[in-house]
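The values are calculated or read from the model by the stated rules, or taken from the named source; none is laboratory data. Remember, predicted model here, so these are calculated numbers, not experimental data. With ideal geometry, Cβ positions are generated from the backbone for all residues, glycine too; neighbour counts draw on all protein chains shown.
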Amino acid sequence: MITEQFFNGRRMSLFEKMSDNSAAVIFAASEKTRSLDTEYHFRQNSYFYYLTGFNEPESALLLLKSGQDTQTILFTRDKDKLQEIWHGRRLGQAQALKNFDIDQALSINELTQQLPELVNGSDSLYFCQGETPEGDQAVTQLMASLRAGVKKNWRTPTVQIELRSILDEMRLFKKSEEVAVMRRASVISANAHTRAMQFIAPDQFEYQLEAEIMHEFASNGARFAAYNTIVGGGHNACILHYTENESVLNDGDLVLIDAGCEFNGYAADITRTFPVNGKFSVEQKAIYNLVLKAQLAAINMIKPSAQIKEANDEVLKIFTQGLLDLGIISGDFDEALEQQAVKEFYMHGLGHWIGIDVHDVGDYRSADRSRILAPGMTLTIEPGLYISEDADVDPKWRGIGVRIEDDLLVTVDGNEVLTKDVVKTVAEIEALMAQAQA
Ligand code: GLY
Ligand code: MN
Ligand code: MN
């Protein structure tokens, strides 16, 4: 668990980055209707969560800075006996003041009236525009009220600053408390993949594997996946974000599972690919080992001062040579590399930041992800090869889709693979599955 002291430390870091005589306002997510009068399970806005750890909708955080003085104000829902009997507990303002290291807790019903009075006189307003409709509306109203208050000598901030550029940079670097939570999310997710490998048998349906994955998540306190679970048998593995998960799993096919839980607000993101019947065919093994070789080479390169781009360049070289050796592409190595011949089979990037969001925030510096890596960054490494059913190759390769994905923490002297607890060599996978079948 991340403590309130830690969340407060983040607010203090943000205060340090704010200009003098400024205000910052951050809004909670709202509940989303699934159908008629039922809602999706509530998921807090990532920025609001990052600064508060508070998991209720209809809330807002206001930070005011003037010289050395700072004020932290949390707007929350009111206590409401009837609503709480029907829909669940609400913290309310009195308890919020006790639980959080804040200066004031106010009712969200007073937001429209209180915001202009509190923000009046600030020179700058920090805000994540476009993050929530409620937030956009509240800030528009705030500015209109301040302008309308000119007769009372109210002063409207003259500068509006995009808050995300500050928070994204803060979120990119994980502190040890966050890494501890991410390690737990990774272990739970790794165990879910192990469970799926142990459970699988030909003629099951993809959704049955999804059920095993979700069981392992939920029974370990991670009730929700960080993203929709992908279980793709056979050529479904070649659909990168396949989530229908309703096909039968055929003897002789591979299955690709891309699944990670969200635990205490942090995501894991793991992909493993393994044979439905427990034994890789010759062709499956050849493609699998090529992807694994590329993934291990890329992981080896992840360290301070390296770039995702450099690791991806190495993956492209390994794939180009490997596909030439297997006869899947033809021609000269340098030409094939130059023409990006492997792009037909490897059409996504090598990896992305991961954290509170599975595709986490943070500037990559360029489209090919050339930002210099530094300790505390967390990212995925996920090369894949996907040979579609209509690929112009020897038919024996068609319908093979393989991705192998792990989550890494950049450390002072290299990296730590957070998701290492699930096997990934052919020998390890076959041994685990044989043991489960015995
Ligand atoms: N699970 C989505 C991804 O791997 O990026
Ligand atoms: Mn990923
Ligand atoms: Mn993934």
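Residue-level check: of (1) surrounded by 15 or more Cβ atoms within 10 Å (Cβ to Cβ); (2) within 16 Å of the chain's Cα centre (by Cα); (3) more than 30 Å from residue 286 (Cβ to Cβ), residue 268 misses just (3). If you go through region 189-211 and pick out every residue that is part of a helix (DSSP H, G or I) and surrounded by 21 or more Cβ atoms within 10 Å (Cβ to Cβ), you end up with 9. Taken together, the residues in region 330-365 that are under 24 Å from residue 267 (Cα atoms) and either in a helix (DSSP H, G or I) or not aliphatic (A, V, I, L, M) (or both) amount to 13. Of the residues 430, 416, the single one that is in contact with a Gly (Cβ under 7 Å, 6 or more places away or on another chain) and modelled with pLDDT of 95 or more is 430. Of the residues making up region 239-267, those that are more than 14 Å from ligand 3 (Cβ to nearest atom), touching a Phe, Trp or Tyr at 6+ places or on another chain (Cβ under 8 Å) and either closer than 30 Å to residue 180 by Cα or assigned to a loop (DSSP other than H, G, I, E, B) (or both) number 5. Taking the listed residues 384, 401, the one that is within 16 Å of ligand 1 (Cβ to nearest atom), buried (at least 20 other Cβ atoms within 10 Å of the Cβ), farther than 21 Å from residue 309 by Cα and not β-branched (Val, Ile, Thr) is 401, with no other qualifying. Residue count for region 394-427, restricted to those that are closer than 17 Å to residue 273 by Cβ and without any contact (Cβ under 8 Å) to a residue 40 or more places away in the chain: 1. Considering the conditions (1) closer than 22 Å to residue 431 by Cα; (2) not in a helix (DSSP H, G or I), residue 222 is excluded by exactly one of them, (1). For residues that are assigned to a loop (DSSP other than H, G, I, E, B), among the hydrophobic types (A, V, I, L, M, F, W, C) and surrounded by fewer than 20 Cβ atoms within 10 Å (Cβ to Cβ), scanning just region 366-381, find the one that is modelled with the lowest pLDDT. The residue in question is 367. For region 354-366, the set of residues classified as within 16 Å of ligand 1 (Cβ to nearest atom) and farther than 17 Å from residue 301 by Cβ consists of 354, 355, 356, 357, 358, 359, 360, 361, 362, listed by residue number.
Tell me which residues, restricted to region 377-393, are away from ligand 3 (no atom under 15 Å from the Cβ) and either out of contact with any Phe, Trp or Tyr (no Cβ under 9 Å at 6 or more places or on another chain) or touching a residue at least 60 places away in the same chain (Cβ under 8 Å) (or both).
Scanning region 377-393 gives 377, 385, 387, 388, 389, 390, 392, 393.
Here residue 360 clears all of (1) surrounded by 20 or more Cβ atoms within 10 Å (Cβ to Cβ); (2) under 26 Å from residue 249 (Cα atoms); (3) within 16 Å of ligand 3 (Cβ to nearest atom) except the condition numbered (2). The residues of region 150-166 that are in a loop (DSSP other than H, G, I, E, B) and surrounded by 13 or more Cβ atoms within 10 Å (Cβ to Cβ), listed by number, are 154, 155, 156, 157, 163.
For every residue, the table says whether it meets (1) touching a residue at least 24 places away in the same chain (Cβ under 8 Å); (2) over 26 Å from residue 110 (Cβ atoms); (3) in contact with a Leu (Cβ under 9 Å, 6 or more places away or on another chain).
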residue: 20; (1), (2), (3): yes, yes, no
residue: 26; (1), (2), (3): yes, no, yes
residue: 31; (1), (2), (3): yes, no, no
residue: 34; (1), (2), (3): no, yes, no
residue: 38; (1), (2), (3): no, yes, no
residue: 44; (1), (2), (3): yes, no, no
residue: 47; (1), (2), (3): yes, no, yes
residue: 51; (1), (2), (3): yes, no, yes
residue: 55; (1), (2), (3): no, no, no
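The residues of region 268-285 that are away from ligand 1 (no atom under 12 Å from the Cβ) and either over 30 Å from residue 46 (Cβ atoms) or part of a loop (DSSP other than H, G, I, E, B) (or both), listed by number, are 274, 275, 276, 277, 278, 279, 280, 281, 282, 283, 284, 285. Determine if region 357-376 includes at least one residue that is closer than 20 Å to residue 424 by Cβ, in contact (Cβ under 8 Å) with a residue 24 or more places away in the chain and in contact with a Leu (Cβ under 6 Å, 6 or more places away or on another chain). Scanning region 357-376, I find no residue that is closer than 20 Å to residue 424 by Cβ, in contact (Cβ under 8 Å) with a residue 24 or more places away in the chain and in contact with a Leu (Cβ under 6 Å, 6 or more places away or on another chain), so the answer is no. All of 184, 147 fail the test of being surrounded by 13 or more Cβ atoms within 10 Å (Cβ to Cβ) and among the basic types (Lys, Arg), apart from 184.
Among the residues making up region 225-238, those that are touching a residue at least 24 places away in the same chain (Cβ under 8 Å) and within 16 Å of ligand 3 (Cβ to nearest atom) are 225, 226, 227, 229, 230, 231, 232, 236, 237, 238.
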